[in-house]
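Have a look at the structure below before the remarks.
The values are calculated or read from the model by the stated rules, or taken from the named source; none is laboratory data. Only a predicted model underlies this, so the values are computations on that prediction, with no experimental measurement involved. Methodologically, a virtual Cβ is constructed for each residue, glycine included, from the backbone with ideal geometry; neighbour enumeration extends over all protein chains shown. What goes into the accessible areas is simple: the full protein's heavy atoms, side chains included, and nothing from ligands, DNA or RNA. Shrake-Rupley method; radii C 1.70, N 1.55, O 1.52, S 1.80 Å.
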Amino acid sequence: MSSTLFYLTLCLLSTTSAFILRNKENIILIPTAAFRDHSKVPSTDWLLYNKGWYYGENNVQAKILEKSLELIIKKDLDNNRIKLFTADGEENKDLCIDGLNRSMCTKTDDEGRIKNTFQLTDAELKQFIQAEGNTAKLFYQVSVPNRNIRATGEVYVCDDNGVTFISDIDDTIKITGVTSNTETLINTFSGEFKAVSGMSDIYQYWQKQYTATFAYLTASPDQLYPFLREFLDRENFPTGSYHMRHFTWLDKNFISFFMSSDYIKSKTDTIEMFINNTVNRTFVLIGDIFQKDPDIYAGIYAKYPSRIGKIFIRKYSNDETGQQRLEQVFKDVPKQKWGTFESGSDLPRDNFLV
């Protein structure tokens, strides 16, 4: 089946979603970051970002998508992933943030998304912070008033100094195949996610060697978060914040969403958020050649050269055309500031932050 028929299925879903009763409701909270509030001098407060999605499953829409995918993917489908992609956001609903020393309330937007920022003093942060290896984080809860629906969120502390590795996921640490529509669908909706060889080992080493924090920046939709988290935990990647987009049925289709150019702005804005909310922290950017990571990272380096310790781009070793493209994209980036790899064993372990 062609991607055209898959697109027509998504159109059907988008036109029927308003008329179908939803089923189970739940909340997904995406791990985020906390930064010092530099609007005050000295910086005694922290800004914490809260992101998530309050949704209701839709079994009818899930069944439509499942039948469509069965014509493309000749493997077992993961129905839990399908249910999240066909769920409807609970729009303009009241939610409460619990688990800290004071309660705060917010509302979902018209897509059911949770997006707000709250403040803690330095003393409050220290009261709730927990250490996990080199990582400092705190937990909070979001609940629905008068409903037995709640979820636990994580916020990772990103102070002014230190090293953060900002890593893409798809085709950088997880095999996705974004250059093929069929492979993208197979690797999204079927089977166990597969890691790029050696990436977990080198990330763990870097975390210990540089007392580093990690942030995972991906064009993937946040509906995939629970499954990406299971994958990263299973493969023993360092924990960290996740920075994702949100897929809705107003998007053209799933493939167009993955390949759309708006993820360039999304990724750029996220990296700049990290840079502009810290003073002296160094960032290592890791991505792949198969989409626009080189262009995004070259643009970031041009604006913040002193803040970028290194850029690593995954490519195939025999891809001469790709290498020529990288040479052109990074023509204004010093050669010692960027490199390529195919697997984790190709990446340097020490002394590359120049």
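If I take R0 = 41 Å and measure r between the Cβ atoms of residue 123 and residue 67 in this structure, what FRET efficiency does the formula 1/(1 + (r/R0)^6) give, to the nearest 0.05?
Plugging the Cβ-Cβ distance into 1/(1 + (r/R0)^6) gives 0.15.
In this model, which of 51/174; 310/335; 303/331; 107/267 are farther than 18 Å apart at the alpha-carbon?
51/174; 107/267
What stretch of the chain, leaving out the sites themselves, is the longest with no trypsin sites (Lys or Arg not before Pro) in a DSSP loop having at most 13 other Cβ atoms within 10 Å?
It works out to 253-330.
Measuring from label point to label point, each 7 Å out along Cα→Cβ, what is the residue 75 to residue 327 span in nm?
3.6
Work out from phi, with θ = phi - 60° and the Karplus expression 6.51 cos²θ - 1.76 cosθ + 1.60, the ³J(HN,Hα) of each residue of segment 45-55, listed in order in whole Hz, and give x for Gly and Pro.
Coupling constants for segment 45-55: 10, 10, 9, 10, 9, 10, 9, x, 8, 9, 9 Hz.
Taking every DSSP beta bridge that has both residues in the chain, what percent is antiparallel when rounded to the nearest 5?
Approximately 60 percent, going by the DSSP bridge assignments.
How many Å² of accessible area per residue for the chain, probe 1.4 Å?
Per residue, the chain has 44 Å² of solvent-accessible surface.
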